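Read through the structure below, which is laid out as structure tokens, and then see the notes.
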Amino acid sequence: MSNEKRTKWLARLSDVSEVIRLVRGDLGCACPLSVFEHYQVAYREEDPGPLVQVIVGDRLLLWIVDGTDIPLSASTLSPIITKGCKERDRRGLNRFRLVLEGMHSHPETLILEQIMAPYDSRTHIHFL
């Protein structure tokens, strides 16, 4: 994730209304408004690359990654999804959502099914 994208996300998500718009609008999460009373936004260096982390109301973990930096395959996405699930479980959260920003087209359903097959229903992947 470039410094420019990181700065954009951190600035945008400093406003709770933008966090609500992202989570409920862009990602379609049905979280009640009360969970947005407490949220955290941070920048993290992870493998395969840097990301913006959002924790919403002790329920939801979001990792926002530059989708143009990562090839769309199980071998490249599985390690980060696995890490995100472990982080979700370690923190006692309900859901993990990996957000790939900058993907120009939505991948085929078959590719997504292959990538997501090993994970539980509390794990989601989104393309913005």
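Filter region 29-40 for residues that are of a type in the set (A, V, I, L, M, F, W, C) and either loosely packed, with under 14 Cβ neighbours inside 10 Å or in contact with a Gly (Cβ under 8 Å, 6 or more places away or on another chain) (or both) and give the result. Outline the logic, then answer.
Within region 29-40, the subset of a type in the set (A, V, I, L, M, F, W, C) is 29-31, 33, 35-36.
Matches in region 29-40: ALA30, CYS31, LEU33, VAL35, PHE36.
Residues THR82, THR109: which one is among the polar types (S, T, N, Q) and modelled with pLDDT under 85?
On the way: THR82 fails: modelled with pLDDT under 85.
Sole residue among the options that is among the polar types (S, T, N, Q) and modelled with pLDDT under 85: THR109.
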Practice task
List every residue pair whose Cβ atoms lie under 8 Å apart, where the two residues are 6 or more positions apart in sequence or sit on different chains, the first residue falls within region 8-28 and is exposed (fewer than 11 other Cβ atoms within 10 Å of the Cβ), and the second residue, located anywhere, is outside any helix (DSSP H, G or I) and among the hydrophobic types (A, V, I, L, M, F, W, C).
Solution key: SER14/VAL41
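Conditions tested, residue by residue: (1) farther than 26 Å from GLU4 by Cβ; (2) over 12 Å from the mean Cα position of the chain (by Cα); (3) of a type outside the set (Ser, Thr, Tyr).
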{"site": "LEU22", "(1), (2), (3)": "no, no, yes"}
{"site": "GLU37", "(1), (2), (3)": "yes, yes, yes"}
{"site": "SER75", "(1), (2), (3)": "yes, yes, no"}
{"site": "ARG97", "(1), (2), (3)": "no, no, yes"}
{"site": "ARG122", "(1), (2), (3)": "yes, yes, yes"}
Completion exercise
Taking first residues from region 67-80 that are closer than 14 Å to ILE125 by Cα and second residues anywhere that are β-branched (Val, Ile, Thr) and outside any helix (DSSP H, G or I), the pairs with Cβ under 6 Å that are 6 or more apart or on different chains are THR76/ILE70
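The values are calculated or read from the model by the stated rules, or taken from the named source; none is laboratory data. Since this is a predicted model, take the numbers as computed values, not measurements. All Cβ positions, even for glycine, are placed from backbone atoms using ideal geometry, and neighbour counts span all protein chains on display.
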